[in-house]
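Asker: Have a look at this one.
The values are calculated or read from the model by the stated rules, or taken from the named source; none is laboratory data. Being a predicted model, the structure only gives us computed values, none of them experimental. Note that we place each Cβ from the backbone using ideal geometry, even for glycine, and neighbour counts take in every protein chain shown.
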């Protein structure tokens, strides 16, 4: 039993667009598809609403991974929000890389309203990946920044 | 009217902020006549002992420039906070950590290695010779802005703060007519609001660095592909850099209520690149443009690394900048 309790359970925040990915998550639910309970879904109107600052805030507040779910290319309810999200996340991942935070912690996926199965697969795969990446390097307590532990 | 008791202090800074006070030209004579300077290490002789001897709250206002890099910086910041009625975070380093906040991208050992060479030459907090002990303040593991060490009453952004804003601040100090605590001496809007350049809302098809091309002096720099931090940066300087045909580097920090300046700029730029919705460019084209941005942290977080999660040394690898 101790194996199970000791296992690192990642905290994952998923920003899901209400038109596609959130509906996809709903479909996964009504279809009784099981997926890891590590994900905290947050409904947003569009993946284009998820700014780099929001993703960084999630990481800062202790998320081990952040998933952004949007409509497939060409399907955005607001025409171009998902394209903007894609470019933004691509840049943000490079910024994370440069600053020493593993870019695998942030992932963008296209999940349509009919893709309950894909939602299930994505959450399972992302949870596994974050488990491999490990705990977030951001400390859980907000100790004084810059103070020297070694004295 | 009693003279205003003024202090000016530098912590981890380059000295440019102290010079910026002289940029007010002949008005410095009014400061000399109307203020009693109790502390100004750059220009007047005073010891920390003198500072300790002031009563709490005795100094009316202290302009504090520079970031908190060493334990000395932190200790003096706390001391000044106790002695001053008002404390001003003066300049980028005190405000957001400034350019030197980029040091947070490297571990302390790596910084020492670069600056001092082999480990035996590194500064020690305590060393003794002939029975005498020499103590040096410790170099903190990361650099922070002033507001993380102590409460700050006013903020004067800029690297260095622009002349008109310094005038405004010193006029307020001399007259004793200070604005409410929390006031930022700058515009609440972004730089674009005061930039005279014309926006054409063109899509960016190529990222240019300032040395790669001569910008058109009339058109928006972003439209031309130069990464100008204007949209994510607080105005108040009068857009002096764009007026001199140089893109804004973001020294004034983010606009009010925006916590992360670099992230805001990253959003802006991502929205301007390519034209996916019109189907004129492919995702591969867009990625090629995005890849032309070199040194993302150094570009978007030139002055704000120390205030972002990205510059807070949460590291999965010791020195990410070693990757190249």
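Asker: Kindly provide the set of residues from region A:68-87 that are closer than 20 Å to residue B:296 by Cα and either at pLDDT 95 or above or in contact with a strand residue (DSSP E or B) (Cβ under 8 Å, 6 or more places away or on another chain) (or both), ordered by number.
Answerer: Of everything in region A:68-87, those that are closer than 20 Å to residue B:296 by Cα and either at pLDDT 95 or above or in contact with a strand residue (DSSP E or B) (Cβ under 8 Å, 6 or more places away or on another chain) (or both) turn out to be A:85, A:86, A:87.
Asker: Can you tell me which residue in region A:77-92 is surrounded by the most Cβ atoms within 10 Å (Cβ to Cβ), limited to those that are assigned to a loop (DSSP other than H, G, I, E, B) and at the interface with chain B (Cβ under 9 Å from one of its Cβ atoms)?
Answerer: As a first pass, look at region A:77-92 and keep what is assigned to a loop (DSSP other than H, G, I, E, B): A:77-80.
Cutting the leftovers down to at the interface with chain B (Cβ under 9 Å from one of its Cβ atoms) gives us A:79-80.
Numbers: A:79: 14, A:80: 16.
So the residue we want is A:80.
Asker: Does any residue of region A:103-120 turn out to be surrounded by fewer than 16 Cβ atoms within 10 Å (Cβ to Cβ), in contact (Cβ under 8 Å) with a residue 60 or more places away in the chain, away from every other protein chain (no Cβ under 12 Å) and not in a helix (DSSP H, G or I)?
Answerer: Looking through region A:103-120, at least one residue is surrounded by fewer than 16 Cβ atoms within 10 Å (Cβ to Cβ), in contact (Cβ under 8 Å) with a residue 60 or more places away in the chain, away from every other protein chain (no Cβ under 12 Å) and not in a helix (DSSP H, G or I).
Asker: I'd like to know if region A:127-136 contains one or more residues that are surrounded by fewer than 20 Cβ atoms within 10 Å (Cβ to Cβ), within 14 Å of another protein chain (Cβ to nearest Cβ) and not in a helix (DSSP H, G or I).
Answerer: Yes, because at least one residue in region A:127-136 is surrounded by fewer than 20 Cβ atoms within 10 Å (Cβ to Cβ), within 14 Å of another protein chain (Cβ to nearest Cβ) and not in a helix (DSSP H, G or I).
Asker: Is it fair to say residue A:74 is surrounded by fewer than 17 Cβ atoms within 10 Å (Cβ to Cβ) and more than 8 Å from chain B (Cβ to nearest Cβ)?
Answerer: On the way: surrounded by fewer than 17 Cβ atoms within 10 Å (Cβ to Cβ): yes; more than 8 Å from chain B (Cβ to nearest Cβ): yes.
Here the answer is yes, as residue A:74 does meet what is asked.
Asker: Let me ask something additional. Suppose the filter is in the same structural domain as residue B:88 (by TED's automatic domain parsing), free of Cβ contacts under 8 Å to residues at least 40 places away in the same chain and surrounded by fewer than 22 Cβ atoms within 10 Å (Cβ to Cβ); does residue B:198 pass it?
Answerer: Numbers: in the same structural domain as residue B:88 (by TED's automatic domain parsing): no; free of Cβ contacts under 8 Å to residues at least 40 places away in the same chain: yes; surrounded by fewer than 22 Cβ atoms within 10 Å (Cβ to Cβ): yes.
Criteria not met by residue B:198.
Asker: Residue by residue through region A:14-50, note down the ones that are crowded, with 21+ Cβ neighbours inside 10 Å and either modelled with pLDDT under 95 or within 21 Å of residue A:95 (Cα to Cα) (or both).
Answerer: Across region A:14-50, the qualifying residues are A:14, A:15, A:47, A:48, A:50.
Asker: May I ask you to say which residue of A:14, A:95 is touching a residue at least 24 places away in the same chain (Cβ under 8 Å) and in a helix (DSSP H, G or I)?
Answerer: Details: A:14 fails: in a helix (DSSP H, G or I).
That would be A:95, the only listed residue that is touching a residue at least 24 places away in the same chain (Cβ under 8 Å) and in a helix (DSSP H, G or I).
Asker: Condition first: in a strand (DSSP E or B), assigned by TED's automatic domain parsing to the domain that holds residue B:165, at pLDDT 95 or above and closer than 29 Å to residue B:141 by Cα. Can you find one or more residues in region B:15-30 that meet it? I'd like the intermediate steps shown before the answer.
Answerer: Keep residues of region B:15-30 that are in a strand (DSSP E or B), which gives none.
No - not one qualifying residue is present in region B:15-30.
Asker: On to the next question. Any idea which of (1) modelled with pLDDT of 95 or more; (2) within 11 Å of chain A (Cβ to nearest Cβ); (3) assigned to a loop (DSSP other than H, G, I, E, B) is the one residue B:294 doesn't satisfy?
Answerer: Every condition holds for residue B:294 apart from (1).
Asker: Quick check on my filter: what residues within region A:17-56 are part of a loop (DSSP other than H, G, I, E, B), more than 14 Å from every other protein chain (Cβ to nearest Cβ) and within 18 Å of residue A:83 (Cα to Cα)?
Answerer: So the first thing to find is which residues in region A:17-56 are part of a loop (DSSP other than H, G, I, E, B), and the list is A:18-20, A:31-38, A:45-46, A:50-51.
From what is left, the residues that are more than 14 Å from every other protein chain (Cβ to nearest Cβ) are A:18-20, A:31-38, A:45.
Listed by number, the residues that qualify are A:18, A:19, A:20, A:45.
Asker: Related question: Working only within region B:165-191, note down all residues that are closer than 14 Å to residue B:252 by Cα and in a helix (DSSP H, G or I).
Answerer: B:165, B:166, B:191, listed by residue number.
Asker: Within region B:234-252, restricting attention to residues that are in contact with a strand residue (DSSP E or B) (Cβ under 7 Å, 6 or more places away or on another chain) and under 15 Å from residue B:165 (Cα atoms), which residue is surrounded by the most Cβ atoms within 10 Å (Cβ to Cβ)? Lay out the reasoning, then the answer.
Answerer: Start the filter on region B:234-252 by keeping residues that are in contact with a strand residue (DSSP E or B) (Cβ under 7 Å, 6 or more places away or on another chain), which leaves B:234-235, B:247, B:252.
Now restrict to residues that are under 15 Å from residue B:165 (Cα atoms): B:234-235, B:252.
Working: B:234: 25, B:235: 21, B:252: 31.
My answer is B:252.
Asker: Pull up region A:57-67, narrow it to residues that are more than 8 Å from chain B (Cβ to nearest Cβ) and on the phi < 0 side of the Ramachandran plot, then point me to the one that is modelled with the lowest pLDDT. If you could, list the steps in order and put the result at the bottom.
Answerer: Restricting attention to region A:57-67, the residues satisfying the condition of being more than 8 Å from chain B (Cβ to nearest Cβ) are A:58, A:61-67.
Now restrict to residues that are on the phi < 0 side of the Ramachandran plot: A:58, A:61, A:63-67.
Numbers: A:58: 94, A:61: 89, A:63: 95, A:64: 96, A:65: 97, A:66: 98, A:67: 98.
Of everything passing the filter in region A:57-67, A:61 is modelled with the lowest pLDDT.
Asker: Follow-up question, since we're still on this one. Scan region B:112-149 residue by residue and report those that are surrounded by 10 or more Cβ atoms within 10 Å (Cβ to Cβ), in a loop (DSSP other than H, G, I, E, B) and more than 17 Å from the chain's Cα centre (by Cα).
Answerer: Result: B:117, B:122, B:123, B:124, B:125, B:136, B:137, B:138.
Asker: Within region A:32-51, does at least one residue satisfy the condition of being within 20 Å of residue A:119 (Cα to Cα) and free of Cβ contacts under 8 Å to residues at least 12 places away in the same chain?
Answerer: Yes; the residues of region A:32-51 include at least one that is within 20 Å of residue A:119 (Cα to Cα) and free of Cβ contacts under 8 Å to residues at least 12 places away in the same chain.
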